[in-house]
Amino acid sequence: MRKPQSRTAAKPRKRAPKPQSPDAAPPWDESPRFSLLPPEEAAALNAAEAARKPRKPHRPRPPQHCTVGYGYYATSTQRVPALRLRGHWLEKLGFSIGSKLQIAVREGELVVTVTPESAIRE
């Protein structure tokens, strides 16, 4: 059995308001975080960015290691092996969203290639 509390629960104390110094700016009178550049400086900055040598495209870096996970079929509670690959590197290699894939199975390997559009329509 639980013991009754000897005192009623203490109410939280209210904090006293902080005194404001007379030279402090009111909270609604804040200065902007970023100052705007004059048009001449903005134009010079844009010209400097345009004059920069463009970078060559990055080489896609696929993951080096992957772990086989598991999933379920809709009609079963038995786990089945599953792979999930995602990232911008897939698109850089030609695996865009909605593209059809062809999967070849070899000994210990899966070879995934994008099916050409002409082969899909035939």
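Results, tabulated for the structure shown:
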| item | result |
| --- | --- |
| Top-ranked residue in region 68-122 [being under 27 Å from LYS56 (Cβ atoms) and of a type in the set (Phe, Trp, Tyr); ranked as modelled with the highest pLDDT] | PHE95 |
| Region 56-112 - residue that is of a type in the set (Gly, Ala, Ser) and in contact with a Ser or Thr (Cβ under 8 Å, 6 or more places away or on another chain) and, of those, surrounded by the fewest Cβ atoms within 10 Å (Cβ to Cβ) | ALA104 |
| Some residue of region 29-51 being more than 29 Å from the chain's Cα centre (by Cα) and aromatic (Phe, Trp, Tyr) | no |
| Pairs with Cβ under 8 Å, 6+ apart, first in region 76-101 and at negative phi, second at pLDDT below 90 and assigned to a helix (DSSP H, G or I) | ILE97/GLU91; LYS100/ILE120 |
| Yes/no for GLN64 being out of contact with any Leu (no Cβ under 9 Å at 6 or more places or on another chain) and at pLDDT 75 or above | yes |
| Pair list, Cβ under 9 Å, 6 or more apart: region 32-56 residue at pLDDT 85 or above, other residue surrounded by fewer than 10 Cβ atoms within 10 Å (Cβ to Cβ) | ALA42/LEU36 |
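The values are calculated or read from the model by the stated rules, or taken from the named source; none is laboratory data. Fair warning: this is a prediction, and the values are worked out from it, not measured in the lab. With ideal geometry, Cβ positions are generated from the backbone for all residues, glycine too; neighbour counts draw on all protein chains shown.
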